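Remarks on the structure that follows.
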Amino acid sequence: MNAADLIKYDLKPVAKVRIEDRKLLIEISDSDSADREECIYAFLIGGRVARIGSSKAPLRGRLRNYERDITNALNGKYLPTPEEEAQKWSRLLPSGTFGEIYARQGAEVRTPVGVFRAYMDEERILIGRLFKEEPPDRILNRCKYR
């Protein structure tokens with residue numbers, strides 16, 4: 001899965017990500033998107049999707065959690081991010097390189113029970129596709145079933 005696939009799924013670049021001095025740093029470039037709730041997002045690293053996720057709360061907060069948790073893991077504090085995942089982040093995003101974060105609000109669907117955003121279903125489908133297309137050593141998601 002690559003940038004063209006993300007654009008096809010209507011995701012757009014909202015931030016850049018890098019590791020510097022054992023810290024994960026995220027620079028938000030689209031504040032409006034970062035303030036939206038019920039979003040799906042993808043980390044694009046080295047031209048390939050490395051992680052797909054969703055956030056019920058504003059995306060900005062979820063991205064800040066990544067900064068905190070991955071930084072802690074890169075410095076030997078492995079909760080909630082395990083050591084193996086921290087090593088993958090370091091390998092996929094070596095010093096001096098950037099990745100991008102693509103995102104959008106979940107699609108709104110109308111059902112007999114009401115109207116809601118299907119962001120978690122979209123995330124599940126995209127994670128399944130990611131695991132079919134990418135080698136496991138390139139995927140930062142720990143679970144392919146979400």
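The values are calculated or read from the model by the stated rules, or taken from the named source; none is laboratory data. Just so it is clear, the structure is predicted and the values come from calculations on it, not from any experiment. Neighbour counts run over all protein chains shown; Cβ positions are idealised from the backbone, glycine included.
Quick notes
- Listed conditions (1) buried (at least 22 other Cβ atoms within 10 Å of the Cβ); (2) touching a residue at least 60 places away in the same chain (Cβ under 8 Å); (3) of a type in the set (A, V, I, L, M) are all met by Leu59, apart from (2).
- Every condition in (1) under 14 Å from Ile19 (Cα atoms); (2) part of a helix (DSSP H, G or I); (3) of a type outside the set (A, V, I, L, M); (4) under 17 Å from the mean Cα position of the chain (by Cα) is met by Asn72 except one, and the failing one is (4).
- Residues of region 95-146 satisfying the condition of being surrounded by fewer than 15 Cβ atoms within 10 Å (Cβ to Cβ), under 19 Å from Ala3 (Cβ atoms) and in contact with a strand residue (DSSP E or B) (Cβ under 6 Å, 6 or more places away or on another chain): Phe98
- Within region 1-52, the residues that satisfy the criterion of being aliphatic (A, V, I, L, M), more than 30 Å from Gly76 (Cβ to Cβ) and touching a Gly at 6+ places or on another chain (Cβ under 8 Å) are Ala3, Ile40.
- Meets criteria (charged (D, E, K, R), at pLDDT 95 or above and on the phi < 0 side of the Ramachandran plot) for Glu122: yes
- Only residues that are in contact (Cβ under 8 Å) with a residue 40 or more places away in the chain and in a strand (DSSP E or B) were counted in region 75-122, giving 8.
A quick yes/no check of all residues on (1) among the basic types (Lys, Arg); (2) closer than 25 Å to Ser31 by Cα:
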| position | (1), (2) |
| --- | --- |
| Asn75 | no, no |
| Thr81 | no, no |
| Lys88 | yes, no |
| Ala107 | no, yes |
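- Filter result (farther than 22 Å from Ala86 by Cα and touching a residue at least 60 places away in the same chain (Cβ under 8 Å)) within region 8-18: Tyr9, Asp10, Leu11, Lys12, Pro13, Val14
- When Leu93, Leu44 are checked against the criterion of being at pLDDT 95 or above and touching a Phe, Trp or Tyr at 6+ places or on another chain (Cβ under 8 Å), Leu44 stands alone in meeting it.
- Filtered residues of region 2-18 (kept if surrounded by 19 or more Cβ atoms within 10 Å (Cβ to Cβ) and farther than 25 Å from Phe116 by Cβ): Ala15, Val17
- Entry remark, region 19-53: residues being outside any loop (DSSP other than H, G, I, E, B) and either touching a residue at least 40 places away in the same chain (Cβ under 8 Å) or surrounded by 14 or more Cβ atoms within 10 Å (Cβ to Cβ) (or both) number 22 in total.
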